[in-house]
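First the structure, in the form of structure tokens, and then the observations on it.
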Amino acid sequence: MPLNLSAPTPLTYFAALVDSDEQLPLLEAAASLAQDEYPALDLQQVLAEVDQLAARLTRRVHPGTGAMQRLQALNQLFFGELGFTGNVNDYYSPDNSYLHKVLSTRRGIPISLAVLWLELAHSLELQAEGISFPGHFLVQVRLGHGRVVVDPFTGASLSREELLERIESFHPRFTLPLDNSAPLALYLQPAHARQILARMLRNLQEIHRTQPDWARFVAVQDRLVTLLPRAWEEYRDRGLALAELGQRDLARADLRLYLREATDATDRDTMAVRLAALDGAA
């Protein structure tokens, strides 16, 4: 039987990376999101660049250094010397979600900056986690019985009061007794690698939907349904975008799947009408 020596497609490569939760390499999978837009991208070069930053950081930290001092060394290098920060001038550029561009420009959005920061934090053996905070991705380091929460967009450490203000801006009815931190802790649960990748993809999804750029939108949806194969709404959205591109057979397949599986969806009647229109189209 002849061997197939052809290179995997970007989507096939991504599928292999995200096949298992236990062995999902967040940095590599996140960096691979750029391959649709930059097919010549050398992912190994991206990973090597991050490894070089990690080596530069670990050389500064002596064995036995406490966690707080390690965190300070990380922030000094990442936000101070390297100058990573939020791209306030062009926040909605897709390049802000592509790690090789963020490494080059030192500008990104909270979640892309967070992925790089987390990789460096783990190189220092810090107990660091991403947080899917309302409206703005954050990172945290657990220190004994406490934690330090950092905004990767600015590098600022956030107090309990600042976190509460951010929650209240998204949920105006949210109130929390001053002597009770349990409800706040619910907003500080760690985001797993699959959740982080999904949030990165949905950022790109929203950019391409707004433009609108249906070809790029479909490429993002291909990755989302690969990452979250039971997220039926992603098949629906891909089907609608495929219809915009005139790819009716593929659109019909996605909408039929959605109607078959999303039995409790509130838009079933609307999607059934869209499917009927596609079935009746020439």
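Values in this text are rule-based calculations from the coordinates and carry no lab data. What you see is a predicted model; the values in this text were computed from it and never measured. Don't worry about glycine lacking a Cβ; one is built from the backbone with ideal geometry, like all the others, and counts go over all protein chains shown.
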Can you give the net charge of the other residues whose Cβ lies under 14 Å from the Cβ of residue 98, counting K and R as +1 and D and E as -1? -2
So residue 47 and residue 16, fully extended at 0.36 nm per residue minus their Cα-Cα distance, gain in nm 9.5 nm
Between [x] 19.7, 60; [y] 21.1, 71; [z] 17.0, 48, which matches Rg and Dmax of the Cα atoms in Å calculated for the structure shown? [y]
Kindly list the residues of region 11-50 that lie in the label zone of residue 215, defined by a backbone N under 20 Å from the point 7 Å along the Cα-to-C-beta vector. 11-12, 33-41
Considering only 150, 98, 203, whose Cα is most displaced toward the positive end of the charge dipole of the chain, charges sitting on Cβ of Lys, Arg (+1) and Asp, Glu (-1)? 150
I need the GluC sites (Glu not before Pro) found in region 56-160, filtered to DSSP loop residues with at most 13 other beta carbons within 10 Å of theirs. 125
HN-Hα J couplings of region 213-225 from phi, Karplus 6.51/-1.76/1.60, θ = phi - 60°, integer Hz, Gly and Pro as x? 9, 6, 5, 5, 4, 5, 4, 5, 5, 4, 6, 5, 6
Taking the alpha-carbon centroid of each part, what is the distance from region 120-140 to region 215-270 in angstrom? 31
To the nearest 500 deg cm²/dmol, what mean residue ellipticity at 222 nm is calculated for the chain from DSSP H runs of n ≥ 4 alone, each contributing -39,500 (n - 2.57), summed and divided by the residues? -16000 deg cm²/dmol
